[in-house]
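Enquirer: Dropping a structure here in structure tokens format, bear with me for questions.
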Amino acid sequence: MKHAFCVLAAALTVLAVHSGVHIARAEPVAPSVHWGAIGYPDQERTLVTGLTLNRFTEFTQDGKRFGAVTESAGFNFATISWTERLQGWPGWNTNLTVGAGPTYPEPTRSIQNGFVHHLLGNGSVPVGRRREETDFMINGSVSKWIHLFGQPDVGFASVGVASGSLYHEVFGRIGLRRLSPADLLQPVMGTNPALQAFSRYVRFSAMGQYGQVFGGAAYGNSALAPQSWIGQVSVSLAAYDGGVTPPGWELEFAATIDSGLFATSTGRSIERRFGSLALRFPYGMVETWNDWLGGTDSGPTYGAQIMLDVRRIYQRLAGS
């Protein structure tokens, strides 16, 4: 497995060097954004597929029950995300993201306990009752991109639905994506060469999301908070070329606070804070998230994904 991954990575790197394509992007399948995944809508046409892993444990690392959920679950979703522009509606995008697969303790239990918690110096999370089913989730959204601060497609507003065997949610989100500090401060500071140089390599994003949540087959209404508020901020590092050409590589760090998808036995939502790290490269992306910010990493949640850009890989292999 390790050797196969290395061969795949080397092949993608060679393709990237010789073709000059730009980074791949993908919207996360539910419940990833509630676990801390970077959840901004796509700006461009995409067709990506890969593997999404999410883990929830009913206990914290000290053996206390986390909330009203009475089983641990490792979601192993084969995922596909498709974003298209609405013809005749400039700035409007639609997205459909689907994930499905077996819910089983591995490989997320080994990754969480054997790697992530070991790396962070945290204890292993005990596991009692385990969910072993086939689960799925489907996201659909419509987004409008807005010209702000002298930059095209920086502001956004979108509405969407997430539904499947886990739970159901109707949500709306607004925010800013890859905002240039130089453009933001230009009316106040004028043209500042130092700030322009900084902005060529650093961009900022922020998002607020509100959702109404309803129970599904895996998690009933008694286990879920009836509503959810999410705040997310991030910083991206790349060679943005003055914002004219999308970068070939990008590293993004995000911090997320969620009012809580899950609830206690008394119905009180359980707030969580997450950190996420994403590496986007030609033909793909890798991202991982964990509830380690603000001292909330007591064990219940962890996730990761690896996605490949189907359209661009096909075009490259077809010689177009």
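Enquirer: In what sequence, highest mean first, do 84-94, 196-206, 41-51 appear when ranked by Cβ atoms within 10 angstrom?
Expert: Listed from highest to lowest mean packing, they are 41-51, 196-206, 84-94.
Enquirer: Choose one of Pro181, Trp229, Gln305: the residue whose Cα lies farthest towards the positive end of the charge dipole of the stretch 179-320 (beta-carbon charges +1 Lys, Arg; -1 Asp, Glu; about the Cα centre).
Expert: Checked the options; the winner is Gln305.
Enquirer: Further question on the same structure: Once you order the gyration tensor axes a ≥ b ≥ c over the Cα atoms, which shape class does the stretch 75-157 get: rounded for a/c under 1.5, otherwise prolate or oblate by comparing a/b with b/c?
Expert: Here the stretch 75-157 falls in the oblate category.
Enquirer: Taking 8 Å as the Cα distance limit and 6 or more residues as the minimum spacing, I'd like the relative contact order of the chain as a percentage.
Expert: Taking the mean separation of contacting Cα pairs over the length of the chain, I get 21 percent.
Enquirer: What does the C-alpha gyration tensor say about the overall shape of the stretch 128-240? Classify as rounded when a/c is under 1.5, otherwise prolate if a/b is larger than b/c, or oblate.
Expert: Numbers: a/c = 3.37, a/b = 2.60, b/c = 1.29.
Note, shape of the stretch 128-240 comes out prolate.
Enquirer: Quick one: what are the phi-derived ³J(HN,Hα) couplings along the stretch 209-222, Karplus 6.51/-1.76/1.60 with θ = phi - 60°, whole Hz, x for glycine and proline?
Expert: 9, 10, x, 9, 10, 10, x, x, 5, 7, 10, x, 4, 5
Enquirer: Same structure, new question: Using the Kyte-Doolittle scale, which helices in the chain average at least 0.0 and also have C-alpha atoms spread 24 Å or more along the helix axis, with helices defined as whole DSSP H runs?
Expert: Passing helices, by number: 2-19.
Enquirer: Placing unit charges on C-beta atoms (Lys and Arg positive, Asp and Glu negative, everything else neutral), compute the dipole magnitude of the stretch 72-220 about its Cα centre in debye, rounded to 20.
Expert: 280 debye
Enquirer: I've got another one for you. Once amide H atoms are placed 1.01 Å from N in the peptide plane, what residues at a sequence separation of 5 or more from Gln227, or on another chain, have their amide H within under 5 Å of its amide H?
Expert: Result for Gln227 returns Val213.
Enquirer: Considering the zone a paramagnetic label at Leu96 would reach in this model (a point 7 Å from Cα along the Cα-to-Cβ line), which residues of the stretch 69-84 have amide N under 19 Å from it?
Expert: 78-84, by backbone N distance to the label point.
Enquirer: If one computes the Cα centroid of the stretch 140-205 and of the stretch 209-258, what distance in Å separates the two points?
Expert: 12 Å
Enquirer: Could you give the nm distance between label points at Ala239 and Thr70, where each point is 7 Å from its Cα heading toward the beta carbon?
Expert: Label at Ala239, label at Thr70, 5.8 nm between them.
Enquirer: What residues of the stretch 31-47 lie in the reach of a label at Ala157, counting those whose backbone N is under 17 Å from a point 7 Å from the Cα along Cα→Cβ?
Expert: 41
Enquirer: Still on this structure: Would you mind putting 62-69, 107-114 in packing order, based on average other-beta-carbon counts within 10 Å, highest first?
Expert: Ranking, from highest mean packing down: 107-114, 62-69.
Enquirer: While we're looking at this one, here's another question. Given the rule -39500 (n - 2.57) for each run of at least 4 DSSP H residues, summed and divided by the residues of the chain, what is its mean residue ellipticity at 222 nm, to the nearest 500 deg cm²/dmol?
Expert: -4500 deg cm²/dmol
Enquirer: When the chain is fully extended, how far beyond the present Cα-Cα distance does Asp62 get from Arg129, taking 0.36 nm per residue of separation?
Expert: 22.5 nm
Enquirer: If you don't mind, another one. In Å and on Cα atoms, what radius of gyration and Dmax does the chain show?
Expert: 19.8, 60
None of the figures in this text is laboratory data; all of them are computed from the coordinates on show. Note that the structure is predicted; figures quoted are calculated from it, not measured. When we count neighbours, we look across all protein chains shown, and the Cβ atoms used for this are built from the backbone with ideal geometry, even at glycine.
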